[in-house]
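Enquirer: There's a structure below that I have some questions on.
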Number of protein chains: 2
Amino acid sequence: MLAQVFKALSDPTRVKLLSMIAAATDGEACICDMTEPVGLSQPTVSHHMSVLARAGLVTREQRGKWAYYALAPDARAALAGAVDQVTAAHEGAIA
Amino acid sequence: MLAQVFKALSDPTRVKLLSMIAAATDGEACICDMTEPVGLSQPTVSHHMSVLARAGLVTREQRGKWAYYALAPDARAALAGAVDQVTAAHEGAIA
DNA sequence: CAGACGTATTGACATCTGTCGATGCGTGAG
DNA sequence: CTCACGCATCGACAGATGTCAATACGTCTG
C-alpha cells in the first residue's frame, strides 16, 4: 500500500531517525548511536527501526554484535514516486 | 513539524481522497462526490478532508451549499521538499 | 419564514500506536 | 564454557486515531 510508506514517516521520532542515518558520516548507524539523541529506550528505537525497515526505507546489516542501519538505496526514489503518485494530475502531469 | 505532513498521508483513505482530488476533471471535488467511492460516512470524509486541509495539502472553497476541495498549489512542492529534507545526505546531496 | 440539502461538529467507542520494563537471542571476550 | 554486551521480542499500558450516529450550522428554494 502507498500509505504504508507515509505511515512509516508519520512519527516525528522515525523522521528524526531516518534523517540521522541519512546524515551520518558513514551513511549508517547502530541502535546504540541513536537511543541517546532521540531520548528513548533501546527497545523503542529498535521498534521504530523495524518499522522503517519494513517500509523499505532502511536496510539492516549485522556486523559483530552491532546492527548497522543505512538508508535504503531506493528510499529517495520510492518516496519521490509516492509523492508523484498521490499528486498526479489527470492531464499528463503538471511538470 | 515535518512528520505532520506525512502523518496526513498515513491513512489509506486520505491518500485515496487526495488522489481523487488530484485526478478530478476540474481538479476539485465536494464531499458528496467522495463519500461513495471511499465507502465511508459523510462526517468521516469531512474529518479526513479537515486533516488534509490542516496539513496544507488541500484548499477549501465554499460555493453555495457545496464545499469544493482542491489540491493546494504548493502541495506537490511541499511534499517533494519534505522527502528531500528527510533523505538529505551530509555530503552536498546525492543528486 | 420554513423546509430541504450539503457540510461541520460533537460525543462515544473500538482499535491502533508509541512507550517502557523484563526477558530472550547472538556474538565476542576472557 | 561463561560472562558481558548489543539488539530483538514480549507483555502491558496510556494516549492517539478512525469510525459512526446524532446534531448543529449555512445556504438555497419555495
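The values are calculated or read from the model by the stated rules, or taken from the named source; none is laboratory data. Here the structure is a predicted model, which means the values were calculated and not measured. Every residue, glycine as well, gets a Cβ built from its backbone with ideal geometry; the counts of neighbours run over all protein chains shown. Side chains are part of the model used for accessible areas, which takes the heavy atoms of the whole protein and leaves out ligands, DNA and RNA. Shrake-Rupley method; radii C 1.70, N 1.55, O 1.52, S 1.80 Å.
Enquirer: Ignore the peptide's own chain and count Cβ atoms of other chains within 10 Å of each Cβ in A:2-8; give me the average, rounded.
Expert: On the way: counts 5, 9, 3, 4, 11, 7, 2.
Across the residues of A:2-8, the mean count of other-chain Cβ atoms within 10 Å is 6.
Enquirer: For helix A:42-54, report the angle its Cα long axis makes with the longest principal axis of the Cα atoms of chain A; keep it between 0 and 90° and round to the nearest 10°.
Expert: Computed tilt is about 30 degrees.
Enquirer: Arrange the peptides B:33-39, A:66-72, B:43-49 so that the one whose residues have, on average, the most other Cβ atoms within 10 Å appears first. Don't skip to the answer; put the middle values down first.
Expert: Numbers: B:33-39: 14.3, A:66-72: 19.4, B:43-49: 16.7.
Result, highest mean Cβ count within 10 Å first: A:66-72, B:43-49, B:33-39.
Enquirer: Let me ask you something else. If you take the accessible area of B alone plus A alone and subtract the pair, what total do you get in square angstrom, rounded to 100, with a 1.4 Å probe? Please list the in-between numbers first.
Expert: Numbers: alone 6220 and 6200 Å², together 9970 Å².
Summing both sides, the interface buries roughly 2400 Å².
Enquirer: Right, something else. Sequence-distant or interchain residues sharing an amide H contact under 5 Å with A:CYS30, placed H: which?
Expert: A:TYR69
Enquirer: May I pose another question? Shielding of A:77-86 by partners, i.e. mean partner chain Cβ atoms within 10 Å per residue? Let's see the in-between values first.
Expert: On the way: counts 3, 2, 8, 5, 1, 5, 10, 3, 3, 12.
Partner Cβ neighbours, averaged per residue: 5.
Enquirer: Helix B:75-86 sits at what angle to the longest principal axis of chain B, using alpha carbons and giving 0 to 90 degrees rounded to 10?
Expert: So the inclination is approximately 30 degrees.
Enquirer: Can I ask one more? Could you provide, to the nearest whole Å², the per residue accessible area of the protein assembly as shown with probe 1.4 Å?
Expert: 52
Enquirer: Averaged over peptide A:10-16, how many Cβ atoms belonging to another chain are found within 10 Å of each residue's Cβ?
Expert: Numbers: counts 9, 4, 6, 1, 3, 10, 3.
Mean partner-chain Cβ count within 10 Å for A:10-16: 5.
Enquirer: Please list, short to long, the whole-number percent of alpha-carbon pairs of the protein assembly as shown in consecutive 5 angstrom bins beginning at zero.
Expert: Computed distribution, short to long bins: 1, 8, 16, 19, 16, 13, 10, 7, 6, 3, 1, 0, 0, 0.
Enquirer: On the first, second and third principal axes, largest extent first, how far apart are the outermost C-alpha atoms of chain A in Å?
Expert: If we take the Cα atoms of chain A, the spans are 52, 22, 21 Å.
Enquirer: A further question on this structure: To the nearest 500 deg cm²/dmol, what mean residue ellipticity at 222 nm is calculated for the protein assembly as shown from DSSP H runs of n ≥ 4 alone, each contributing -39,500 (n - 2.57), summed and divided by the residues?
Expert: Details: 10 runs with 104 residues, N = 190.
Helices in the protein assembly as shown give a 222 nm mean residue ellipticity of -16500 deg cm²/dmol.
Enquirer: Using alpha carbons only, how many degrees (0 to 90, rounded to 10) separate the axis of helix A:12-23 from the longest principal axis of chain A?
Expert: Taking Cα atoms only, the helix is inclined about 80 degrees.
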